[in-house]
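Q: Mind looking over this structure? Questions follow.
The values are calculated or read from the model by the stated rules, or taken from the named source; none is laboratory data. This one's a predicted model, so the numbers in the text were calculated from it and none came from an experiment. We place every Cβ from the backbone using ideal geometry, glycine too, and count neighbours over all the protein chains shown.
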Amino acid sequence: MATTTNYAWETPDDTDLVKDGAAAIRTLGSSVDTTTKALNPSTTLGDIEYRSSTANTNTRLGIGTTGQVLTVSGGVPAWATPSSGGMTLISTTTLSGSSVTLSSIPQTYNELQLWVVNFDPSTGAQFRIAPNGGTTATDNVEVNYPGGGSPALNGYQGYMRNTNNFNAGTATNSIIAVFPAYTSTAARKSAYMTMGFLDSDGGNRTAAIFNKLECGQMSSLVLSPSTGTFDGGTAYLYGVK
Amino acid sequence: MKPMIRIHDIETNEVIDREMTDAEFADYEADQAAVAAEQQAKADAIAAKELAQEKLAKLGLTTDDLKALGL
């Protein structure tokens with residue numbers, strides 16, 4: 001019996017009888033179907049295939065979950081959550097009302113980063129971030145430009161803030177806050193935030209605020225203007241591995 | 001009507017907008033009073049500085065003169 005070069009599908013010999021043609025075609029078609037399925041075992045959206053240890057037979061790999069990356073495990077491809085170096089968008093929240101609480105923060109990252117874009121207070125106000133809604137003492141050092149680099153202590157409450165008011169009606173203010181080791185149960189931990197904004201005196205200003213927080217393990221962040229309400233802005237919370 | 005607050009449960013992605021509770025509102029009012037006092041103190045300090053500078057100017061002095069005197 002003649003066979004094809006690559007997949008050894010049976011084909012009729014030159015001397016076979018014409019009356020056996022239907023059976024020969026059926027045999028060949030069945031072989032093609034079996035081989036094709038073995039090479040393409042996908043069943044579901046996002047599936048990919050890789051070569052198995054068996055010749056001409058691929059293994060199906062179902063799609064991973066959001067944030068996973070393709071890696072190698074046991075000599076074959078596999079989807080896995082990055083163990084380091086990855087930055088995952090955890091949540092996106094439109095700022096509204098007198099305060100916004102981000103609760104049930106996952107405890108599976110090494111660091112949190114909070115990006116606040118286009119913060120717009122209803123009236124001139126500072127921007128506050130209170131881990132766990134805390135109000136206990138914390139020590140801050142703030143460096144402002146313009147306005148000198150002298151440190152300003154404003155550590156009588158357990159939240160991070162700047163001392164110069166953001167201007168109301170200005171939707172170009174941005175803030176980035178970083179919380180390393182946020183899952184630590186240690187009572188005191190370091191954090192910092194930087195910001196660029198138009199202050200209520202009409203000047204463009206940048207500030208960096210370094211904090212020694214009194215908050216323990218962080219499971220929530222309460223964001224608020226020091227007075228008034230949010231007229232706009234979006235908070236993006238990232239987890240960093 | 002008490003101020004509204006927003007709570008975003010990240011685990012369920014549920015967003016709730018509600019009024020402050022009585023306890024939250026009491027804390028909020030106390031905090032707002034502290035903010036107002038701080039802002040007033042800041043304004044008072046600026047006004048006092050400007051007044052002092054005016055007095056110096058009337059005497060024909062500047063802050064640089066005071067620095068030269070070691071003050």
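Q: Within segment A:200-207, identify whether any single residue is touching a residue at least 40 places away in the same chain (Cβ under 8 Å) and within 14 Å of chain B (Cβ to nearest Cβ), and answer yes or no. Spell out the reasoning first.
A: Within segment A:200-207, the first condition is being touching a residue at least 40 places away in the same chain (Cβ under 8 Å), and the residues that meet it are A:200, A:203, A:205-207.
Then drop every residue that is not within 14 Å of chain B (Cβ to nearest Cβ), which leaves A:200.
Within segment A:200-207 (the criterion being touching a residue at least 40 places away in the same chain (Cβ under 8 Å) and within 14 Å of chain B (Cβ to nearest Cβ)), the answer is yes, since at least one residue qualifies.
Q: To continue, here is another question. Go over the candidates B:9, B:31, B:17 one by one and state the one that is within 14 Å of chain A (Cβ to nearest Cβ) and in contact with a Lys or Arg (Cβ under 6 Å, 6 or more places away or on another chain).
A: One residue alone meets the criteria, B:17.
Q: From A:93, A:101, A:71, grab the single residue that is among the hydroxyl-bearing types (Ser, Thr, Tyr), part of a strand (DSSP E or B), modelled with pLDDT of 90 or more and closer than 30 Å to residue A:36 by Cβ.
A: Numbers: A:93 fails: closer than 30 Å to residue A:36 by Cβ; A:101 fails: closer than 30 Å to residue A:36 by Cβ.
Being among the hydroxyl-bearing types (Ser, Thr, Tyr), part of a strand (DSSP E or B), modelled with pLDDT of 90 or more and closer than 30 Å to residue A:36 by Cβ holds for just one of A:93, A:101, A:71, which is A:71.
Q: Considering every residue within segment B:34-48, establish whether at least one is surrounded by 11 or more Cβ atoms within 10 Å (Cβ to Cβ), part of a helix (DSSP H, G or I) and basic (Lys, Arg). Show your work before the answer.
A: Here is the first cut: in segment B:34-48, the residues surrounded by 11 or more Cβ atoms within 10 Å (Cβ to Cβ) are B:34-36, B:38-39, B:42.
Narrowing further to those that are part of a helix (DSSP H, G or I): B:34-36, B:38-39, B:42.
Subset that is basic (Lys, Arg): B:42.
Yes, segment B:34-48 contains a residue that is surrounded by 11 or more Cβ atoms within 10 Å (Cβ to Cβ), part of a helix (DSSP H, G or I) and basic (Lys, Arg).
Residues are listed down the side, and each one gets a yes or a no for (1) surrounded by fewer than 15 Cβ atoms within 10 Å (Cβ to Cβ); (2) within 11 Å of chain B (Cβ to nearest Cβ); (3) without any contact (Cβ under 8 Å) to a residue 24 or more places away in the chain; (4) within 29 Å of residue A:207 (Cα to Cα):
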{"residue": "A:53", "(1), (2), (3), (4)": "yes, no, yes, no"}
{"residue": "A:56", "(1), (2), (3), (4)": "yes, no, no, no"}
{"residue": "A:69", "(1), (2), (3), (4)": "yes, no, yes, no"}
{"residue": "A:75", "(1), (2), (3), (4)": "yes, no, yes, no"}
{"residue": "A:79", "(1), (2), (3), (4)": "no, no, yes, no"}
{"residue": "A:100", "(1), (2), (3), (4)": "no, yes, no, yes"}
{"residue": "A:105", "(1), (2), (3), (4)": "no, yes, no, yes"}
{"residue": "A:119", "(1), (2), (3), (4)": "no, no, no, yes"}
{"residue": "A:133", "(1), (2), (3), (4)": "no, yes, no, yes"}
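Q: Then there is this: Filter segment A:37-51 for residues that are part of a strand (DSSP E or B) and either in contact with a helix residue (DSSP H, G or I) (Cβ under 6 Å, 6 or more places away or on another chain) or in contact (Cβ under 8 Å) with a residue 12 or more places away in the chain (or both); which is surrounded by the fewest Cβ atoms within 10 Å (Cβ to Cβ)?
A: In this case the residue turns out to be A:50.
Q: Quick one: is residue A:210 buried (at least 18 other Cβ atoms within 10 Å of the Cβ), among the hydrophobic types (A, V, I, L, M, F, W, C) and part of a strand (DSSP E or B)? First the steps, then the outcome.
A: Values: buried (at least 18 other Cβ atoms within 10 Å of the Cβ): no; among the hydrophobic types (A, V, I, L, M, F, W, C): yes; part of a strand (DSSP E or B): yes.
No; evaluated as a whole, the condition is false for this residue.
Q: Same structure, new question: Looking at (1) at pLDDT below 85; (2) more than 16 Å from residue B:35 (Cβ to Cβ), which is the only condition residue A:154 fails?
A: (2)
Q: If you go through segment A:81-91 one residue at a time, how many are surrounded by 12 or more Cβ atoms within 10 Å (Cβ to Cβ) and more than 7 Å from chain B (Cβ to nearest Cβ)? Give the derivation first.
A: In the first step, residues of segment A:81-91 are kept if they are surrounded by 12 or more Cβ atoms within 10 Å (Cβ to Cβ); the result is A:81-82, A:86-91.
Now drop any that are not more than 7 Å from chain B (Cβ to nearest Cβ), which leaves A:81-82, A:86-89.
Qualifying residue count for the region: 6.
Q: State the number of residues belonging to segment B:20-33 that are modelled with pLDDT under 90 and either surrounded by fewer than 13 Cβ atoms within 10 Å (Cβ to Cβ) or over 21 Å from residue A:222 (Cβ atoms) (or both).
A: The initial filter retains those residues of segment B:20-33 that are modelled with pLDDT under 90, namely B:31.
So of that shortlist, the ones also either surrounded by fewer than 13 Cβ atoms within 10 Å (Cβ to Cβ) or over 21 Å from residue A:222 (Cβ atoms) (or both) come out as none.
Final tally of qualifying residues: 0.
Q: Yes or no: residue B:17 surrounded by 10 or more Cβ atoms within 10 Å (Cβ to Cβ), among the charged types (D, E, K, R), modelled with pLDDT of 95 or more and not in a loop (DSSP other than H, G, I, E, B)?
A: Details: surrounded by 10 or more Cβ atoms within 10 Å (Cβ to Cβ): yes; among the charged types (D, E, K, R): yes; modelled with pLDDT of 95 or more: yes; not in a loop (DSSP other than H, G, I, E, B): yes.
Answer is yes for this residue.
Q: Please go through (1) part of a helix (DSSP H, G or I); (2) within 29 Å of the chain's Cα centre (by Cα); (3) over 30 Å from residue B:3 (Cα atoms) for residue B:71 and return the number of the only condition it doesn't satisfy.
A: Result: residue B:71 passes all but (1).
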